[in-house]
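Engineer: Sharing a structure below in structure tokens format, with a few things to ask.
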Amino acid sequence: MSLLHDAIGKIEKILENSGCEHGIVALAVNHDADTCQYPKGVCMEGHFGGRIGQFVTSAPVRANTRISFMFGAPLVNQEQRGAASAIINAVSAFLCLTRKLRPCTPDCYGPCLAELSREIAGKRVYLVGPMPVLERALEHQRVDSPETAELFLIAGDGMTTDAGVACLDEYRGKKRMIFLGPSTAGVSGLINLEHWCPYGR
């Protein structure tokens, strides 16, 4: 079972018999929103109960859907997994389950990258998901195969593509994984995975 399914199971248990599980989440794209510097894509937002959860992706979805759509769903493609991630972030924001579900402002990009670089200095790093900023910044640390990596950095589509899901399933619990930015905050917070977002709001 994937980490996304584990997080959904946690949400389902928390919401059981609350009535919230039948609530509608509106999924939309916001091209003007501030976003984390790491993931590549557009900002899909989940709106629920006056709160917003972001998920940056190359495969955004626009829809109104019940939270319960995720419960027991196989989530067979990137679009469904991305929608589930945005819903998890929105519901986590509404229930105050996780912090840092809003991105930092661009003036924090430099300090964030500098601190992350210090945190992972000297480590062989595998990037799960497209991250142009880190591809450049970690050019000499980045490795092309997960087998040779000491740690994984995961952002946005790294949790939703077929390749990303397979990689995380295979190495979860075997290698250190750091989930980056608001896109990954809901899932990582629900199932106690390491999360990096020092300047998020």
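Engineer: Residue check: is Glu170 among the acidic types (Asp, Glu) and within 26 Å of Lys13 (Cα to Cα)?
Structural biologist: Judged against the criteria, Glu170 is a match.
Engineer: Leu3 versus (1) under 25 Å from Leu127 (Cα atoms); (2) at pLDDT 95 or above: which is the lone unmet condition?
Structural biologist: So the condition that Leu3 fails would be (2).
Engineer: On to the next question. If Asp157 satisfies all but one of (1) surrounded by 24 or more Cβ atoms within 10 Å (Cβ to Cβ); (2) under 10 Å from Val128 (Cα atoms); (3) in contact with a helix residue (DSSP H, G or I) (Cβ under 6 Å, 6 or more places away or on another chain), what's the number of the condition it fails?
Structural biologist: Just one mismatch for Asp157, condition (3).
Engineer: I would also like to ask the following. Please go through the range 60-76 and pick out each residue that is touching an Asp or Glu at 6+ places or on another chain (Cβ under 8 Å) and surrounded by fewer than 18 Cβ atoms within 10 Å (Cβ to Cβ).
Structural biologist: Arg66, Ser68, Phe71
Engineer: In the range 73-89, what residues are assigned to a helix (DSSP H, G or I) and either closer than 19 Å to Leu180 by Cβ or among the polar types (S, T, N, Q) (or both)?
Structural biologist: Gln78, Gln80, Arg81, Gly82, Ala84, Ser85, Ala86, Ile88, Asn89
Engineer: May I pose another question? Every residue in the range 128-156 that is within 18 Å of Cys112 (Cα to Cα), in a loop (DSSP other than H, G, I, E, B) and charged (D, E, K, R), please.
Structural biologist: Hit for the range 128-156 is Glu139, nothing else.
Engineer: Can you tell me which condition Ile191 does not meet? The list is (1) surrounded by fewer than 18 Cβ atoms within 10 Å (Cβ to Cβ); (2) hydrophobic (A, V, I, L, M, F, W, C); (3) closer than 25 Å to Cys108 by Cβ, and all the others hold.
Structural biologist: Status for Ile191: all satisfied but (3).
Condition check ((1) closer than 18 Å to Ala155 by Cβ; (2) polar (S, T, N, Q); (3) touching a helix residue (DSSP H, G or I) at 6+ places or on another chain (Cβ under 7 Å); (4) free of Cβ contacts under 8 Å to residues at least 12 places away in the same chain) across all residues:
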| residue | (1), (2), (3), (4) |
| --- | --- |
| Pro74 | no, no, no, yes |
| Arg81 | yes, no, yes, no |
| Ala86 | yes, no, no, no |
| Thr98 | yes, yes, yes, no |
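Engineer: Which numbered condition in (1) closer than 25 Å to Pro198 by Cα; (2) free of Cβ contacts under 8 Å to residues at least 24 places away in the same chain; (3) not aliphatic (A, V, I, L, M) is the only one that Gly9 fails?
Structural biologist: Condition (1) is where Gly9 drops out.
Engineer: Collect the residues in the range 1-19 that are within 19 Å of Val76 (Cα to Cα) and among the small types (Gly, Ala, Ser), keeping them in residue-number order.
Structural biologist: Within the range 1-19, Ser2, Ala7, Gly9 qualify.
Engineer: Can you name the residue in the range 10-25 that is over 20 Å from the mean Cα position of the chain (by Cα) and acidic (Asp, Glu) and is also surrounded by the most Cβ atoms within 10 Å (Cβ to Cβ) among such residues?
Structural biologist: Selected residue: Glu21.
Engineer: Separate question: Checking Ala166 against (1) of a type outside the set (D, E, K, R); (2) surrounded by 23 or more Cβ atoms within 10 Å (Cβ to Cβ); (3) assigned to a helix (DSSP H, G or I), only one condition comes out false. Which one?
Structural biologist: It fails just one condition, (2).
Engineer: On to the next question. Just name the residue that is farthest from Tyr109 (Cα to Cα) out of those in the range 6-47 that are in contact with a Gly (Cβ under 6 Å, 6 or more places away or on another chain) and either part of a strand (DSSP E or B) or at pLDDT below 95 (or both).
Structural biologist: Within the range 6-47, the match that is farthest from Tyr109 (Cα to Cα) is Val25.
The values are calculated or read from the model by the stated rules, or taken from the named source; none is laboratory data. In this text the structure is predicted, and so the values were computed from the model without any measurement. Positions of Cβ are generated from backbone atoms using ideal geometry, with glycine treated the same way; all protein chains shown enter the neighbour counts.
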